[in-house]
1. Looking at (1) of a type outside the set (Gly, Ala, Ser); (2) surrounded by fewer than 24 Cβ atoms within 10 Å (Cβ to Cβ); (3) at pLDDT below 90, which is the one condition that is false for residue 306?
2. Suppose we filter 167, 185, 122, 103 for residues that are surrounded by fewer than 22 Cβ atoms within 10 Å (Cβ to Cβ) and either assigned to a helix (DSSP H, G or I) or modelled with pLDDT of 80 or more (or both); which single one remains?
3. Tally up the residues in the stretch 188-207 that are in a helix (DSSP H, G or I) and in contact with a helix residue (DSSP H, G or I) (Cβ under 7 Å, 6 or more places away or on another chain), please.
4. Quick check on the stretch 289-303: of everything there that is among the β-branched types (Val, Ile, Thr) and in a helix (DSSP H, G or I), which residue is surrounded by the fewest Cβ atoms within 10 Å (Cβ to Cβ)?
5. Taking the options 17, 11, 21, 46, name whichever one is assigned to a helix (DSSP H, G or I) and buried (at least 24 other Cβ atoms within 10 Å of the Cβ).
6. Quick one: which residue in 272, 280 is assigned to a helix (DSSP H, G or I), in contact with a helix residue (DSSP H, G or I) (Cβ under 7 Å, 6 or more places away or on another chain) and at pLDDT 85 or above?
Amino acid sequence: MSSLDALANILTDPTLLLLVLLGSASGVILSSIPGMAGAAALSLILPLTFNLGTTEALLVLVSAYTGLQFGGALTAIVVNIPGAPESAVMTLDGYALSRRGGTGRALWCAIFAGALGGLLATVLLAAVAQPLSREALRFGPSDYFALALLGLSALAALASGSAAKATVMMFLGLLLGTVGPDSLTGEARFTFGRSFLAGGIVLIPMLVGLFAISEAIVLLQGKQSGQTPARLRIIHSFPSLSDFKKIGTFGLLGTAVGTFVGIKPGGGGVIASLLAYRAAKAVSKDKESFGNGAIEGIITPVASDKATVSSALVPLLMLGLPSTPSTAVLIGAFTLHNVVPGPLLLKQEPHLVYAIFGGLFIANILVMVVGVLVAPLVGRLGTMDRRKLGAAIIGVSVLTAYAAENSLNDVWLAIFFGFVGYWLKRYSFPVAPLLLSFVLGPILESNLRRGLALAGNSPGSFLDHPITIALLVVTAALIAGPALTSLARRHSARGKGMEHLRNNAKSSRGN
């Protein structure tokens, strides 16, 4: 079976095609709600797939994932409210262009750029899946340990805002990941006598609490916005030939950035969209227009953001490592359906992998259609009653937490993490490093201990593996890079200061 066979199978099966459409539409619509980030919305969609087959459930979730990475751009452009963090950079030029009457043009360019980034990245994913899977079969415990360590180092080095706060969140996630059974002996650890923690902290309630409930608390404290719904004339604002040339050029640039960032453990849409925006400004001939409605400032981050969906699935499917909070939710979906992502997945479940590829390709096209239909309604989101929205999110979140394992303990766990997430956001602590390190921590620990056990507890044996050495070198560079750059800048500034003093002294003697 190939990706083309899976694509044809979905197109000829009305049920599968409908599920992809529902997933795509739900993703676009939910992410158009201000404050509804990808992982939070995906965790709300997850319980709707509990009674579906494995392929059907993952098609819905993957389609929703690609829709979620686009919908936030709509509100960013129309009402200056990014539906998700990765959409924040799109407010810079999107809303500026919208205020000048270019709303339709901005939306059309975002729709086509998103489709370009998503489709190209999906084709690339399908092309590299088999060779990457074969290469991944060579991974041993030490290689997986080094890869997980690389992911953790990326979280600290690439997090926006305070690196110190991101590092604190990373270590907190690692600490929470130790709760439950020992990875080798199975003995319960750090349960504090609570039987419901004997199996560890359940991922779904934790996700729902940290993202959905915490956002709902913020909404409950807010007031109704005074934004006026925008009048959209999207049909009459079709892009010009010049716009399509820019979509091609800057869309390819955004796709390249999104693919590079998304494929790395610890990458994600926030980092990709910001780097893509900076890259677009660096190569643009009209740098002064950025921030004032530059169409390149819309095209590039949208394409980059959408490209991260497919590229983030590479480490998830082929290595079993999540690189974003949304892919951490997908890990939970795989677990619920007794599927283990990793190097053997393509060999054991080829129909499932290729179905995901085919579903992603179709979903990227359907997101375009849904985006055109939803865009005229987005302008009204600015006038929604935020408190009613927050109450609705809490209700759905409680149902989601309970449905995960039909346990009230999970509901209380979700509520607890909801207040934790709210407190973290209030004091500007990033939540994503906590979640990703919680998922990566057990992988790091189990493979470190397995590798040491196989090597007779000799850490030096890890250096016998070329892949491990390469990954450790990259990790060391990622950790040391910012410090060395800062040191070089201080040294350069000190040198310039001394030269300035010498020049002043010479000038004084001359006078």
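The values are calculated or read from the model by the stated rules, or taken from the named source; none is laboratory data. These numbers were taken from a predicted model, which means no experiment stands behind them. Using ideal geometry, Cβ is built from the backbone for each residue, glycine included, and neighbour counts are taken over all protein chains shown.
1. (2) is the only condition that residue 306 fails.
2. Numbers: 185 fails: either assigned to a helix (DSSP H, G or I) or modelled with pLDDT of 80 or more (or both); 122 fails: surrounded by fewer than 22 Cβ atoms within 10 Å (Cβ to Cβ); 103 fails: surrounded by fewer than 22 Cβ atoms within 10 Å (Cβ to Cβ).
None of the other options fit; the residue is 167.
3. Pass one, the stretch 188-207, residues in a helix (DSSP H, G or I): 195-197, 203-207.
If we keep only those that are in contact with a helix residue (DSSP H, G or I) (Cβ under 7 Å, 6 or more places away or on another chain) too, we end up with 196, 203-207.
Within the stretch 188-207, residues that are in a helix (DSSP H, G or I) and in contact with a helix residue (DSSP H, G or I) (Cβ under 7 Å, 6 or more places away or on another chain) number 6.
4. Residue satisfying both the conditions and the ranking: 299.
5. Every option except 46 fails the conditions.
6. 280
To keep it simple, each residue is scored yes or no on (1) touching a Phe, Trp or Tyr at 6+ places or on another chain (Cβ under 8 Å); (2) without any contact (Cβ under 8 Å) to a residue 12 or more places away in the chain; (3) polar (S, T, N, Q).
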position: 278; (1), (2), (3): no, yes, no
position: 281; (1), (2), (3): yes, no, no
position: 337; (1), (2), (3): no, no, no
position: 343; (1), (2), (3): yes, no, no
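Conditions (1) in contact with a helix residue (DSSP H, G or I) (Cβ under 7 Å, 6 or more places away or on another chain); (2) modelled with pLDDT of 75 or more, marked per residue:
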position: 349; (1), (2): no, yes
position: 359; (1), (2): yes, yes
position: 362; (1), (2): yes, yes
position: 372; (1), (2): yes, yes
position: 384; (1), (2): no, no
position: 393; (1), (2): yes, yes
position: 396; (1), (2): yes, yes
position: 410; (1), (2): yes, yes
position: 413; (1), (2): yes, yes
